[in-house]
Amino acid sequence: MELAGKMAMQNIQPDFSTRNALTRIVRCLFAEKLLDENKLEIFDDESMVKYRLSDGDLVLQMNQTTVFPANTVINRGDIILEEANGRKIPIQSHEELIDILKNEFSFKLTAEGIAKFNKDVANSIHNDRLARKHRAKWRDIIAKNMDKEGISHFVEWVKNHHNMREGATLLDQWGALEGHPYYPTWKSRPGLNDENIEALSAEFGARVTLYMGAIQADMVYCEKMPHIQDLHQWLSSEFPGIWNEWCDWLQNQNQTPQKWLPIPLHPWHLEHWVVEHFAKEIEEGILLPFGPEIETAPSMSFRTMLPTAPELPFIKLPVAIWMTSEMRSLQAKSIHMGPRISTIIENILNVEKGFDGKLDFFREEAAWHFRHKERMDDSEGKFLSVVFRDTNAWKRNDNSIAITVASLFTELPHKSHPLISELITLSGDTPEAWFRHYTKVILKPVLAMYLIYGVALEAHQQNTQVLFDDSGRAVTMLIRDFGDGRSWAPALRKQGFDLKPYIWPGILPTVFEDDIEPVRTFVVDACLVSHLHEIALCLTHLYCIPDNRFWKVIGEELDLVFKDLHPRLDDSFWHQEHEHFMKHPWYTRSLMSMHLQQYTNYRLQHGLNNPLVDLHVNN
């Protein structure tokens, strides 16, 4: 099947990053119902749409624009304002677009809200340009090496030069270029200068040296999985080299290591936050920040770090930087719930035999946060905390390759097509057949965990890796990050599990007793909206597909999973959930609306029209 003519090289075109921002904003405008999709006048022959503004005189024309299922309007071309007298004004910036549309929204915008939004978008554009300039050089280096070695497939080159752990790290950083596809402020990192951005960000292939500080053991709350009996013994086995250095460092200060716990610190966070906000703890000797160094590779989440030494666990840290839509703290809720949910998932996978080998995960084995033994205030520890996540899911001998889902959308080093196209070519399958197989691998474990056990896996592009075999076909999904995962307690109890919730004033719960809706929304948003829907969009554009067949595949495979699980579920519950997934709107966070309203409401969400409703899925 013919690939779409010329996918933008995305390298050095000076206005690509600006257009990237406009594309994201247009998408948010219609998805979040800030503009009414029903008012679009669509000119299919010209790949153009027009939208008449509420004053009746002005018309917004958007070229190279396609309307896809689930209120997804993708603009890849010029945006032009047509005045009543026929004059046409090109819209060349996000500031101009927001200024034109500011009176179209159902809520009143403030000058401050607009200014902050525009500033964050501008910061994203700037950082996007930096990343693409670096990517052009990185692509060129790899492409030349591939050519020199006579290798025509990127994944083959990765496997030839890296073990699974190293290859997964490389591909995760490779995929960090794009960011979440519908975040309007996708690369906003105010407070970081260009040097910081390049030195600390995954999309630059960064290596970041952490400080393995120390905190008094009686000044932390610790959560761990049951197999860890003695924390210090566990640490010595998981971090053998750095552990010995750390103990020597403490002993040289006349301290007893058994009375302390390691607290890894991100260098930027240490310099710009810890030394000021925890000055009292440092002065009192509760916190010793400048411990031995450990080299790590940042993942696309920026603050989850993988040590470059073999075998060592992931280290997830707080970094007091506003990124995309929130300050990147690591709250007590994540510390308490990560190991608890990991324990339950491990037990479920043992019972279910990994759902036919389709699901594995990165266990959050141990985590702790600062909690003063007298004040006992959990909130104090959200910027002084750590989660250790194992990497056992990569210990395989089947020659598979682990690819973070976001990386599937990222351009190859030697071709102007996304990585996913290479996997489809390797398989020899049609895009539809490849996607059907992929969808089976994703949906069965995600739906089974939710419907049978009430556990919502956050299977979005960043938290999900997929193992692909030599033929480029999906084999197993690997899921990570459970600290904010949602669960429905009645289903867990029915299966013999008890999950202790984390409760703290002002903190949203993650274990629900009554309505299952928040748990369902978590699954739909992550797995369907942010993951499978995005792949359907990508493949439809990439292979010039004239219909909605990829969404029909999602619907058919979703229906098959429901039918397969029906005997294990209460009939009324089955029908309720089947109806919601197949026919009700798909809810997701209203990121642009929240930002424009300065995050006065963090719970804003919108319902996307369910793309499965009109596809005649046999249900």
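Using the rule -39500 (n - 2.57) for each DSSP H run of four or more residues, divided by the residues of the chain, the 222 nm mean residue ellipticity is -12000 deg cm²/dmol. Long-range amide H contacts for Leu359: which residues qualify at under 5 Å (H placed 1.01 Å from N, peptide plane, sequence gap of 5 or more or a different chain)? Amide H to amide H, under 5 Å and 5 or more residues apart or across chains, Leu359 pairs with Met477. Across the chain, Cα pairs under 8 Å and at least six residues apart give a relative contact order of 14 percent. The charge dipole of the stretch 397-608, taken about its Cα centre with unit charges on the Cβ atoms of Lys, Arg (+1), Asp and Glu (-1) only, comes to about 180 debye.
Amide H contacts for Ile263 (H built 1.01 Å from N in the peptide plane; partners 5 or more residues away or on another chain; cut-off under 5 Å): Gly213, Ala214, Ile215. Dipole of the chain computed with +1 at Lys/Arg Cβ and -1 at Asp/Glu Cβ about the Cα centre; of Ala214, Trp243, Val386, farthest Cα towards the positive end is Trp243.
Bridgeable lysines around Lys552 (alpha carbons under 25 Å apart, same-chain partners fewer than 8 residues away excluded): Lys33, Lys358, Lys440, Lys444, Lys563, Lys583. The charge dipole of the chain, taken about its Cα centre with unit charges on the Cβ atoms of Lys, Arg (+1), Asp and Glu (-1) only, comes to about 180 debye. Amide hydrogen proximity for Tyr502: with H placed 1.01 Å from N in the peptide plane, the residues at 5 or more positions away or on another chain lying under 5 Å are Thr510, Val511. Report, to the nearest 10°, how far helix 16-31 tilts away from the longest principal axis of the Cα atoms in the chain, using its own Cα long axis and a range of 0 to 90°. Orientation of helix 16-31: about 80 degrees from the principal axis. Seen from all directions on average, the chain presents a Cα convex hull projection of 28.3 nm². Projecting the Cα positions of Gly428, Tyr453, Leu532 onto the charge dipole of the chain (unit charges on Cβ atoms of Lys, Arg, Asp and Glu, taken about the Cα centre) puts Gly428 furthest along the positive direction.
Taking every alpha-carbon pair under 8 Å whose residues sit at least 6 apart, the stretch 397-608 reaches a relative contact order of 19 percent. The stretch 478-498 to the stretch 299-376: how many Å between their Cα centroids? The distance from the Cα centre of the stretch 478-498 to that of the stretch 299-376 comes to 15 Å.
Of the residues Asp45, Asp377, Asp484, the one with the fewest other Cβ atoms within 10 Å heads the list, and the complete ranking is Asp45, Asp377, Asp484. Relative to the compact-globule estimate of 2.2 N^0.38 Å, the Cα radius of gyration of the stretch 214-304 comes out at 1.13.
We did not get these values from a lab; they are worked out from the coordinates using the rules stated. Just so it is clear, the model here is predicted, and its values are computed rather than measured. Note that each Cβ is placed from the backbone with ideal geometry, even for glycine, and that neighbours are counted across all protein chains shown.
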